[in-house]
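A.B. asks: Okay, here's the structure, questions in a sec.
The values are calculated or read from the model by the stated rules, or taken from the named source; none is laboratory data. Nothing here was measured: the structure is a model prediction, and the numbers come from that model. Cβ atoms come from the backbone with ideal geometry, glycine included; neighbour counts cover every protein chain shown. What goes into the accessible areas is simple: the full protein's heavy atoms, side chains included, and nothing from ligands, DNA or RNA. Shrake-Rupley method; radii C 1.70, N 1.55, O 1.52, S 1.80 Å.
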Amino acid sequence: MSHEDVPVLIVGGSLVGLSTAVFLGRHGVPSLVLERHRGTAIHPRAALVNQRTMETYRAVGLEERIEDAAAREFVQNGAIVSVDSLGGKELDWYFRFINEGVEDLSPSRRVFITQIGLEPVLLEAAGAVGARIEYSSEAVSVEQDAEGVTAVVRPRDGGPERTVRARYLVAADGAHSPIRERLGIRRLGHGSFSDSITIYFRADVRRLMGDRNLSVIYVFGPRLQGFFRFSIDLQAGFLVVNSTVDDDGNRSVRIGEDMTAPTCIAYVREALGDPEIEVEIENVQRWSASAEYAERLRDGRVFLAGDSAHVMPPTGGFGGNNGVQDAYDLAWKLAYVLDGRADESLLDTYDAERQPVGAFTTEQAYTRYVLRLDPSLGKDDLMPIVPEAPVELGYRHRSDAVLTDADDDETWEDPAAPSCRPGFRAPHVPVTVGGAEQSTLDLFGRSFVLLAGPDGGDWCTAAGSAASSFGVDLRAYRIGVDVIAPEGGLEASLGTGAAGAVLVRPDGFVSWRSSVPGRAPEQELSRALGAALGRGAAVAAR
Ligand SMILES: Cc1cc2nc3c(=O)[nH]c(=O)nc-3n(C[C@H](O)[C@H](O)[C@H](O)COP(=O)(O)OP(=O)(O)OC[C@H]3O[C@@H](n4cnc5c(N)ncnc54)[C@H](O)[C@@H]3O)c2cc1C
């Protein structure tokens with residue numbers, strides 16, 4: 001059996017696996033991605049790419065390419081509405097346009113692009129930064145020991161098996177994750193609550209749509225509940241059916257039991273509100289609407305990311321986004337541990353930070369599902385709705401690598417009033433750096449960044465020696481000198497005051513902050529940097 005060594009093996013080459021490869025590559029870590037399918041996605045699935053996900057793609061230089069690809073698929077910035085049928089009554093407008101009210105929160109916009117459109121962009125980008133993607137290849141077994149992980153790889157089209165040895169493995173292998181199952185990692189949550197179907201069809205819906213620009217259309221008809229999305233030319237689309245009601249008023253969530261063409265045509269006509277319209281069924285996919293999250297995301301050298309870590313109903317469009325954000329958290333940590341800049345223990349913070357965010361987001365998607373699509377599931381144990389913007393941009397990462405105040409246990413905040421406390425995403429503020437207008441977010445991405453108040457020169461001086469004692473890159477900026485906010489007051493937005501400072505990790509999350517001048521800035525920064533690198537204990541022992 002032939003053998004190959006790689007630093008990171010990624011099992012699953014869909015949205016999250018490919019994103020992981022891109023993020024790792026941008027940190028200089030090559031990876032091998034194994035994907036059982038023959039190529040990138042052939043079904044649209046995820047389409048709403050939220051602002052935080054677009055920020056991660058912006059950081060790796062992909063934002064424009066994704067926006068261009070998105071514009072080929074959809075008229076952007078459409079509405080999210082509910083109707084009793086497309087041609088019938090409008091019931092509610094959740095968003096008049098999907099970026100309504102969030103334009104100032106980020107330099108990035110929410111974008112509509114299917115996995116069919118997005119994955120080729122990621123594939124090309126992953127290849128360009130040193131990842132190798134192997135389609136029609138399946139990881140048939142995974143074993144780990146103290147030094148690494150060994151996977152047996154089987155080509156789907158025959159040919160000999162081989163082994164791949166990696167220091168770490170990312171299981172981006174989807175909701176049914178064979179790797180998670182083999183590791184015996186339990187899932188918590190609400191289980192599966194609908195045997196749903198997605199019907200891909202062709203039909204000319206231009207007359208029914210009129211001049212509306214609707215990105216997602218929830219259908220709450222008397223006989224059918226689900227949602228539509230349509231192609232840019234309004235000649236095709238898909239309908240998800242989550243539940244139906246028969247003539248006697250009996251509700252069913254077992255939709256997958258009858259996927260015949262006549263039934264599917266009837267569903268599409270019912271949801272369109274036109275019993276005569278010509279409909280051609282292209283494909284029907286059965287899937288389980290469920291809300292579950294893994295109880296832990298790390299087992300030794302194996303990390304769960306994406307749907308293997310949490311699966312949620314599409315209500316809210318959070319699932320794939322959350323997976324990409326898992327990858328963004330994990331990639332820099334793996335890169336820093338692999339070349340010795342960070343301690344192995346930093347990898348524990350992936351679970352500590354991302355598992356609760358996955359659970360929170362899953363609950364938010366579940367609440368939306370119950371309230372919008374199936375109140376019969378019961379409203380008693382629902383987490384109250386948190387608006388979209390905090391779910392997307394306002395969640396908090398809490399771990400030993402983040403130095404929060406002992407009594408500060410908030411888990412999310414409104415990104416419209418960002419606090420810049422440790423654990424939260426550093427906020428977007430328009431700034432000028434070296435004469436160029438940009439976002440504060442454009443300062444982050446690869447290295448640690450220190451932003452100090454206008455009188456915080458001592459912090460900047462200390463940054464160099466603190467960073468070199470850990471062998472990491474720490475770029476220091478003084479507000480008003482290196483970073484100018486056109487309207488001033490950046491120090492108020494970041495909470496540094498005139499003489500404090502904030503330390504931002506390569507993933508754009510704040511890991512430490514002081515709002516006062518440092519008494520011993522080098523020591524204080526070393527403690528913060530040490531914690532952020534999983535070397536807190538070593539610093540304490542100095
Ligand atoms: C109808 C619908 C609409 C949705 N809309 C949205 C939305 O608007 N926004 C959003 O964020 N999310 C949305 N989602 C959710 C989103 O599609 C998923 O969260 C996302 O696809 C998860 O990506 P993933 O890479 O983690 O898993 P998957 O896409 O499931 O990919 C896992 C991959 O691993 C491969 N694999 C598994 N085992 C192996 C193995 N042993 N060896 C090799 N390969 C293996 C599989 O072939 C598969 O390609 C939607 C989902 C549905 C069903």
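A.B. asks: For Val302, are the conditions met, namely being more than 14 Å from the chain's Cα centre (by Cα), surrounded by fewer than 24 Cβ atoms within 10 Å (Cβ to Cβ) and within 14 Å of the ligand (Cβ to nearest atom)?
C.D. replies: Taking the combined requirement at face value, the residue satisfies it.
A.B. asks: For segment 150-167, how many residues are open to solvent by less than 10 Å² (accessible area, probe 1.4 Å) and more than 13 Å from the ligand (Cβ to nearest atom)?
C.D. replies: Going through segment 150-167 one residue at a time, the tally reaches 1.
A.B. asks: Sticking with this one: Search segment 479-501 for residues that are open to solvent by 40 Å² or more (accessible area, probe 1.4 Å) and pair each with any residue that is not in a loop (DSSP other than H, G, I, E, B) when their beta-carbon atoms are under 7 Å apart and the residues are at least 6 apart or on different chains.
C.D. replies: Note: pairs meeting the criteria are Asp482/Val433; Ile484/Val431; Ile484/Thr432; Pro486/Pro430; Pro486/Thr432; Glu491/Ile479; Ala498/Glu491.
A.B. asks: Another question about this same structure. Can you spot a residue in segment 117-133 that is away from the ligand (no atom under 14 Å from the Cβ), free of Cβ contacts under 8 Å to residues at least 60 places away in the same chain, within 20 Å of the chain's Cα centre (by Cα) and within 23 Å of Ala21 (Cβ to Cβ)?
C.D. replies: For segment 117-133, residues away from the ligand (no atom under 14 Å from the Cβ), free of Cβ contacts under 8 Å to residues at least 60 places away in the same chain, within 20 Å of the chain's Cα centre (by Cα) and within 23 Å of Ala21 (Cβ to Cβ): present.
A.B. asks: Could you list, in sequence order, all residues of segment 191-212 that are under 26 Å from Ser308 (Cβ atoms) and open to solvent by 50 Å² or more (accessible area, probe 1.4 Å)?
C.D. replies: Hit for segment 191-212 is Ser192, nothing else.
A.B. asks: Which of the residues belonging to segment 259-278 are within 29 Å of Ala175 (Cβ to Cβ), hydrophobic (A, V, I, L, M, F, W, C) and in a loop (DSSP other than H, G, I, E, B)?
C.D. replies: Met259, the sole residue that qualifies.
A.B. asks: Counting only residues that are under 25 Å from the mean Cα position of the chain (by Cα), open to solvent by less than 20 Å² (accessible area, probe 1.4 Å) and of a type in the set (Asp, Glu), how many does segment 372-397 have?
C.D. replies: 1
A.B. asks: Additional query: Just need a number here: residues in segment 32-53 that are surrounded by fewer than 24 Cβ atoms within 10 Å (Cβ to Cβ), within 17 Å of the chain's Cα centre (by Cα) and more than 8 Å from the ligand (Cβ to nearest atom).
C.D. replies: 0
A.B. asks: For the list (1) under 28 Å from Met383 (Cβ atoms); (2) open to solvent by 10 Å² or more (accessible area, probe 1.4 Å), I need the number of the one condition that Ser231 fails.
C.D. replies: (1)
A.B. asks: If only one of Gly340, Gly316, Gly320 is of a type outside the set (D, E, K, R), more than 15 Å from the ligand (Cβ to nearest atom) and under 28 Å from the mean Cα position of the chain (by Cα), which one is it?
C.D. replies: None of the other options fit; the residue is Gly340.
A.B. asks: Right, next: Among the residues of segment 23-46 satisfying the criterion of being within 18 Å of Gly323 (Cα to Cα) and touching a Ser or Thr at 6+ places or on another chain (Cβ under 6 Å), which is modelled with the lowest pLDDT?
C.D. replies: Residue satisfying both the conditions and the ranking: Pro44.
A.B. asks: Shifting gears a bit: What number of residues within segment 103-113 are open to solvent by less than 10 Å² (accessible area, probe 1.4 Å) and either at pLDDT below 95 or aliphatic (A, V, I, L, M) (or both)?
C.D. replies: The qualifying residues number 3.
A.B. asks: What are the residue pairs meeting all of these: first residue in segment 191-208, first residue over 19 Å from His43 (Cβ atoms), second residue within 13 Å of the ligand (Cβ to nearest atom) and hydroxyl-bearing (Ser, Thr, Tyr), Cβ atoms under 9 Å, and 6 or more apart or on different chains?
C.D. replies: Gly191/Ser290; Ser192/Ser288; Ser192/Ser290; Phe193/Ser288; Phe193/Ser290; Phe193/Tyr369
A.B. asks: May I ask you to list the residues in segment 168-192 that are more than 14 Å from the ligand (Cβ to nearest atom) and more than 11 Å from Glu292 (Cα to Cα)?
C.D. replies: Selection gives Tyr168, Gly184, Ile185.
A.B. asks: Taking the residues in segment 14-31 that are touching a strand residue (DSSP E or B) at 6+ places or on another chain (Cβ under 9 Å) and of a type in the set (A, V, I, L, M) as candidates, determine which candidate is nearest to the ligand (Cβ to nearest atom).
C.D. replies: Out of the qualifying residues, it is Val16.
A.B. asks: Tell me whether segment 207-219 contains one or more residues that are of a type in the set (A, V, I, L, M, F, W, C), assigned to a helix (DSSP H, G or I), more than 15 Å from the ligand (Cβ to nearest atom) and at pLDDT 95 or above.
C.D. replies: Yes: one or more hits.
A.B. asks: May I ask you to verify whether Gly319 is out of contact with any Phe, Trp or Tyr (no Cβ under 7 Å at 6 or more places or on another chain) and either open to solvent by less than 10 Å² (accessible area, probe 1.4 Å) or of a type in the set (A, V, I, L, M) (or both)?
C.D. replies: no
A.B. asks: Any residue that is in a strand (DSSP E or B) and at pLDDT below 95 - is there at least one of those in segment 512-521?
C.D. replies: yes
A.B. asks: If you don't mind, another one. Go through segment 338-371 and give me each residue that's free of Cβ contacts under 8 Å to residues at least 24 places away in the same chain and crowded, with 19+ Cβ neighbours inside 10 Å.
C.D. replies: Hits for segment 338-371 are Thr367, Val370.
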